[in-house]
Amino acid sequence: MLIKAVQFENFRRFEKSEFRFSPGYNVLTGRNGTGKTTVLEGLYLLSTGKSFVTNHLNNCIRFGSDYAFLSADIALGTPRESSNGGALPPSEEKLYNIRFLFGKNKREVRLNEKKFSGFSPIVGMFPVIFMNYKLSLLVRGGPENRRAFLNHLLIFTDGEYYGLIKKYYALLKNRNALLKQGADAGLLKLYSEEISGVGKTIQKKRADAISALKPAAEEMFYKITGRAVRLTLNYRRSAVEKLTDEETLRKEVQRRRTLYGVHLDEVEILLNDVPAREFSSLGEAYSIGFALRFAENKLIEQVKGESPVVLLDDFFSDLDAYHRKNILNIIKNQQVLLTALELSLIPEGLIPQTTVIVLR
């Protein structure tokens, strides 16, 4: 996959701007506040329908405007090598234009002029991998970070998953509302049976994804650090089947919330059999985070036959030269967009291969 160009109108600081990208490395550089991260945010938004900065998209609208508009030209099937150095399956290049208009009381998505009311039909088509300074939270943060990671992976590798996870959280919202209102047991039981069924399907898909991630993550950790370790991922699923038990229902009515389910799943990460969340150093947590993201990247390539576009925010400032070199080598055959405060941070050997975009 290649992002060829992106246009912004009234998106955060950009009144009207266009950026064009090349295959390989693209470095966005400029002073703080010039919009480097905003470019990555816009591309992530066009891929997933979500921002990695805010949960309220209207916060992205430029001050004084009542709408924001984003548009990108994207190519799928572009001949590229995989992150492992091998050629991806041959396919014809297909060009897409995706547009997104949003504001007060308006939201419109168009894909090659076909109009949609939301992103649901598009999510999963255009894979991106985003990483910034919060990557260590994937290891040291709460379980919601690891659930979000699994969701992102599965949205791009399983065509059914996005619809399932949307349905689950809609059922969960309604079920919790019923519990708070003190609804009758018959209605709650119906919701319990439906959410349990959807939850079991989601958990099966998550368990399969974890099994596929384990060897890939260990391989990537070695490529990043040069250290051969045991990197173990244990999927701790919440017993969603208990939601249909009479005893559980009585407890939930008392506590007025759903006590089991997909929204409470956890992924335990062990480094040499030691829990990484409690005992890893910050550097180890970063390395594990990168390993997980690049394992995700590898699985998406295998399933879709497309290399995701890699978005790296402020990449050079938090890593030493050894780890930077190893990471850049892993993604050298993909399109990469990264931000840097100063060009002096870019390794000299990388500059001839890099398209530099200066924001002012």
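In terms of Cα to Cα distance under 26 Å, which lysines are near enough to Lys114, apart from those fewer than 8 places away along the same chain? Partners within reach: Lys4, Lys16, Lys50, Lys94, Lys104, Lys106, Lys166, Lys167, Lys304.
Take the Cα of Phe116, step 7 Å toward its Cβ, do the same at Lys167, and the gap between the two points is 1.8 nm.
Can you tell me how the stretch 82-183 classifies by the Cα gyration tensor, rounded, prolate or oblate, using a/c under 1.5 as the rounded cut?
The shape class here is oblate.
Where only DSSP H runs of four or more residues are counted, the chain gives -13000 deg cm²/dmol as its mean residue ellipticity at 222 nm, each run worth -39500 (n - 2.57). Straight distance only, please: which lysines reach the Cα of Lys189 with their own Cα at less than 16 Å, same-chain residues fewer than 8 apart left out? The reachable lysines, counting only those whose Cα sits under 16 Å from Lys189, are Lys173, Lys180, Lys242, Lys251.
Counting alpha carbon pairs within less than 8 Å and at least 6 residues apart, what relative contact order, in whole percent, applies to the chain?
RCO, the chain: 26 percent.
So how much slack lies between Arg256 and Leu187, counting 0.36 nm per residue of separation and subtracting their Cα-Cα distance, in nm? Don't skip to the answer; put the middle values down first.
Values: separation 69, 0.36 × 69 = 24.84 nm, distance 1.48 nm.
Full extension from Arg256 to Leu187 adds 23.4 nm.
Only protein heavy atoms count here; under a 1.4 Å probe, Asp320 has an accessible surface of about 80 Å². Spatial offset of the stretch 94-166 relative to the stretch 18-32 amounts to 22 Å, using the alpha carbon center of each. May I ask you to list the lysines whose Cα is less than 16 Å away from that of Lys223, ignoring any residue fewer than eight positions away on the same chain? Answer for Lys223, where 16 Å is the Cα cut-off: Lys214, Lys298, Lys325, Lys332, listed by chain and number. Shape of the stretch 1-153 from the C-alpha gyration tensor: rounded (a/c under 1.5, with a ≥ b ≥ c the square roots of its eigenvalues).
Mean 1/r over all different Cα pairs, inverted: what Kirkwood radius does the chain give, in Å?
21.9 Å is the Kirkwood radius here.
What does the charge dipole of the stretch 127-265 about its Cα centre add up to, to the nearest 20 debye, if the Cβ of each Lys and Arg holds +1 and the Cβ of each Asp and Glu holds -1?
Details: 26 positive and 15 negative charges, 103 e Å.
In total the dipole reaches around 500 debye.
Extending 7 Å from the Cα toward the beta-carbon at both Glu246 and Gln302 defines two label points whose distance is 4.6 nm. A protection proxy built from the mean count of other Cβ atoms within 10 Å ranks the segments 222-228, 173-179, most packed first, as 173-179, 222-228.
The values are calculated or read from the model by the stated rules, or taken from the named source; none is laboratory data. For clarity, every value in this text was computed on a predicted model and none was experimentally measured. In this analysis, Cβ positions are derived from the backbone assuming ideal geometry, glycine residues included, and neighbour counts consider all displayed protein chains. Protein only, heavy atoms only, side chains kept; ligands, DNA and RNA dropped before computing areas. Shrake-Rupley method; radii C 1.70, N 1.55, O 1.52, S 1.80 Å.
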